[in-house]
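Remarks on the structure that follows.
The values are calculated or read from the model by the stated rules, or taken from the named source; none is laboratory data. Everything numeric in this text was worked out from a predicted model, so none of it was measured. Positions of Cβ are backbone-derived with ideal geometry, glycine not excepted, and every protein chain shown enters the neighbour counts.
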């Protein structure tokens, strides 16, 4: 470039310099000072300037901008003749988030725009007490609630269905468990809304069956009363429910007499009379009212009153708390067969 300039005659160099300066003046529009109107927060201000770019004109007018101030046209743009500049000063607003107060500057933004511009660590479900579309005004205080939505899973057991099936091979009133069944398992999934760490709402969003319950099958004996019962038809665990009575009290004449099995009846022993169970069978008797239980041995026949399924000795009646009531609803279960 310097070598080229040395080869250009002196007169031509001056002409080229003049043309360059003239072109710069034409390009930038600097032909002399000109009036520009600045609108600062809506208030007009007239300035004389040689500058062409918006930012230079503002600086020349002695105005300092904050990063958040809104300027139209943008500071980097060349200003044409007759154009104006609008400046909207940013003002402070206060955001209270999770117990902390943040000071922010904005120039007419909505709450949503300001929250997007600032890194406040807001979550997807956080809530503002004002609408996110609210256009902020100077000094406004905005409360933003920290909202967390978490998932909780609870597992629960599902009781098996009970299926009752008649069985004529079993004594009347006897029940036998043919299939134990199995409890199912389900998972309840809840969506829990926490505001400031406290639960505000809970919604069931899913119920998943993890394991199907298997039914409990119970056989119910239907053989008529008085039917001869085969020893082979009975099983440990057979049970039935009905009314129990007792005998062997003072003055009833049973204590010391011979029972149907040939034993001498002792009202103080843990024995009982039953319509058909083999002598020597041991049963577990549960008082369904009090929950008290006693184990007795069958050594006699009875009771002989309709609706009653077992006749306990006086001592056994005292154990389960039915001596003074005379009768009680009980469940009888076979523990052992002779």
TODO: List the strands (runs of 3 or more DSSP E) that sit entirely inside the stretch 168-275 and contain at least 1 residues that are touching a strand residue (DSSP E or B) at 6+ places or on another chain (Cβ under 9 Å) and without any contact (Cβ under 8 Å) to a residue 60 or more places away in the chain.
DONE: 175-179, 184-195, 198-211, 216-223, 271-273
TODO: Considering only residues that are surrounded by fewer than 19 Cβ atoms within 10 Å (Cβ to Cβ) and modelled with pLDDT of 95 or more, look in the stretch 269-278 and name the one that is farthest from residue 327 (Cα to Cα).
DONE: 269
TODO: For the stretch 34-54, name all the residues that are crowded, with 18+ Cβ neighbours inside 10 Å and under 60 Å from the mean Cα position of the chain (by Cα).
DONE: 38, 54
- [ ] Report whether or not residue 332 is surrounded by 20 or more Cβ atoms within 10 Å (Cβ to Cβ), touching a helix residue (DSSP H, G or I) at 6+ places or on another chain (Cβ under 8 Å) and under 30 Å from residue 230 (Cβ atoms).
- [x] no
Open item on the list: Kindly evaluate residue 11 against the criterion of being at pLDDT 55 or above and either more than 60 Å from the chain's Cα centre (by Cα) or loosely packed, with under 11 Cβ neighbours inside 10 Å (or both).
Closed with: no
- [ ] Scan the stretch 285-306 for residues that are in a strand (DSSP E or B) and surrounded by fewer than 16 Cβ atoms within 10 Å (Cβ to Cβ) and report the count.
- [x] 2
Task: Residue under evaluation residue 218, criteria (1) surrounded by 13 or more Cβ atoms within 10 Å (Cβ to Cβ); (2) over 27 Å from residue 332 (Cα atoms), criterion not met - done: (2)
Open item on the list: Please pick out the residue among 261, 230 that is at pLDDT below 90 and farther than 18 Å from residue 154 by Cα.
Closed with: 230
Open item on the list: Can you report the number of residues in the stretch 64-92 which are touching a residue at least 24 places away in the same chain (Cβ under 8 Å), touching a helix residue (DSSP H, G or I) at 6+ places or on another chain (Cβ under 9 Å) and within 30 Å of residue 110 (Cβ to Cβ)?
Closed with: 6
TODO: Go through the stretch 76-102 and give me each residue that's within 21 Å of residue 147 (Cα to Cα) and surrounded by fewer than 12 Cβ atoms within 10 Å (Cβ to Cβ).
DONE: 99, 100, 101
Open item on the list: Being in contact (Cβ under 8 Å) with a residue 40 or more places away in the chain and within 11 Å of residue 243 (Cα to Cα) is the filter here; which residues of the stretch 287-311 pass it?
Closed with: 287, 288, 303, 305, 307, 308, 309, 310, 311
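Pick out the one residue from 189, 195, 229, 205 that is farther than 30 Å from residue 123 by Cβ and either within 21 Å of the chain's Cα centre (by Cα) or not assigned by TED's automatic domain parsing to the domain that holds residue 302 (or both).
229
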